[in-house]
Structures are given as structure tokens and as C-alpha cells.
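A.B. asks: Submitted below is the structure of interest, expressed as C-alpha cells.
The values are calculated or read from the model by the stated rules, or taken from the named source; none is laboratory data. Nothing here was measured: the structure is a model prediction, and the numbers come from that model. A quick note on method: Cβ atoms are made from the backbone with ideal geometry, for glycine too, and the neighbour counts reach across all protein chains shown.
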Amino acid sequence: MVCCRWVFLSLCLLLLIAPDEGILQDVTFSQSQRLSMKILKDVRSLRLLYNEVQFGNQLTQDSAIVMPSLPSASMPYTLWLSMEDEERLVSSSQDLHVYWVHVHANRMHLLGESEQSQLAQSMLAVQMDLSDLTLQVNSQLWSMNVTLPPPPAEVLPPELLNPQSEWLSKLQGSIILRDLEKYLGKVVRDFTLLKSRSQQ
């Protein structure tokens, strides 16, 4: 319960506190594109490490398994292209928040006291980068005079907090990283488009 409260309070602060002017002046779409590309690369490596540690590379297939609480990266191309810049950033801010919470909850449940392991440190590093990227997105929204989106009321499904088995909890972690990798691919495309539009 304490852990859940800490997650909620920390993410509320991350999403609701107005960035200072120094951050607003420094953050560009190009910088966010580079950061999102870095996180994408790190998540790919983390997913390989996670599956090796948790399954010994014996996980055969998880592509058919879906966690409804995770934001989807799938969107018709014409719809994606027609989105307004503000709409694109608001969606990213909210969705990155959801992924941050899922990664954190899975890390805390699986690793417990093993905070010094390579897997724990890699997951924590991804969390910190996701926080930085969310802050950059919120800074860009703030500079557009767009009201920052509140964090979703409920983002953690009961089965993630109380999995039926240890194996299911491990599988959930793999699915979270798999979908995060896909979503970050969309974020990279978003910032590539935003960067292109800003240079026109």
C-alpha cells in the first residue's frame, strides 16, 4: 500500500508541476526525439535481459497475450498523420505515465530487495528516462499554453498488483516491456514528425 501511494504521489508531481522557464527554453522536439530513441534502444536491451533472467530464454511466444491496461501503439496511418501537435503530445504524456507505473510496479513486485542486480538497475534507468521524457513532453505542452493532462485515475489492474502466480507476474513484465518497445517506436515517429513540422 505504501508503494502504491508513493507511485501515485510521485507521478502526480511529475505530471502536474509546471516546468520552470529554463527547461522550457532548452527542450526541443529534436532533443525529445533523441531521448526517445535512446530509451527505445535501452528497452530493447532490457527486454532481452529480462527474458534471459526470468525465463532463461525459454519464453516461446507472448505476442498473442494482451494487457488491456497498456496503451496501444497501433493506429491507422491517416489518423496518426492528422493528429494536432497538442493532441499528439497530450496522448504521449498520459501514455508514458501509464507505462512508467507498470514498469515500476512490476520491478518492485519481482525484485523486492534485489535493487543492486543488473536487471533492477536497468529497469530503474529506463524508469528515470521515461520520467525525463514525460517532463520534456509536459514542458512542450506548457510552452504551447496547453493545460497539462492529469494522471489517469486508475492505471494498475488488480492482476498486476496481485498476480495468481510468480510465473504470471514474470510474464506480465515481459509483456509490459514488449508493448513499451512498440509504443516508444510510435513516440520516435511522433517526434520525427513534430521536428519536421517545426522546421518548415
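A.B. asks: Residues being crowded, with 22+ Cβ neighbours inside 10 Å and either touching an Asp or Glu at 6+ places or on another chain (Cβ under 7 Å) or free of Cβ contacts under 8 Å to residues at least 40 places away in the same chain (or both): count how many of those fall in segment 76-106.
C.D. replies: 1
A.B. asks: So is Ile23 modelled with pLDDT under 85, surrounded by 11 or more Cβ atoms within 10 Å (Cβ to Cβ), over 29 Å from Asn145 (Cβ atoms) and not hydroxyl-bearing (Ser, Thr, Tyr) or not?
C.D. replies: No.
A.B. asks: Hey, another quick one. Pairs only if they're at least six apart or on different chains, beta carbon under 8 angstrom, first in segment 178-190 and touching a residue at least 12 places away in the same chain (Cβ under 8 Å) and under 11 Å from Tyr99 (Cβ atoms), second among the acidic types (Asp, Glu) and in a helix (DSSP H, G or I); list them, first residue then second.
C.D. replies: Close Cβ pairs satisfying both conditions: Tyr183/Asp95.
A.B. asks: Is there a residue being under 14 Å from the mean Cα position of the chain (by Cα) and among the aromatic types (Phe, Trp, Tyr) anywhere in segment 165-187?
C.D. replies: Checked against the condition, which is being under 14 Å from the mean Cα position of the chain (by Cα) and among the aromatic types (Phe, Trp, Tyr), segment 165-187 yields at least one hit.
A.B. asks: Mind telling me which of the residues Ser131, Ser143 ends up being in contact (Cβ under 8 Å) with a residue 40 or more places away in the chain and loosely packed, with under 15 Cβ neighbours inside 10 Å?
C.D. replies: Ser143
A.B. asks: In addition: State yes or no: is Gln121 within 28 Å of Pro163 (Cα to Cα), free of Cβ contacts under 8 Å to residues at least 40 places away in the same chain and within 13 Å of the chain's Cα centre (by Cα)?
C.D. replies: Spelling it out, it is not the case that Gln121 is within 28 Å of Pro163 (Cα to Cα), free of Cβ contacts under 8 Å to residues at least 40 places away in the same chain and within 13 Å of the chain's Cα centre (by Cα).
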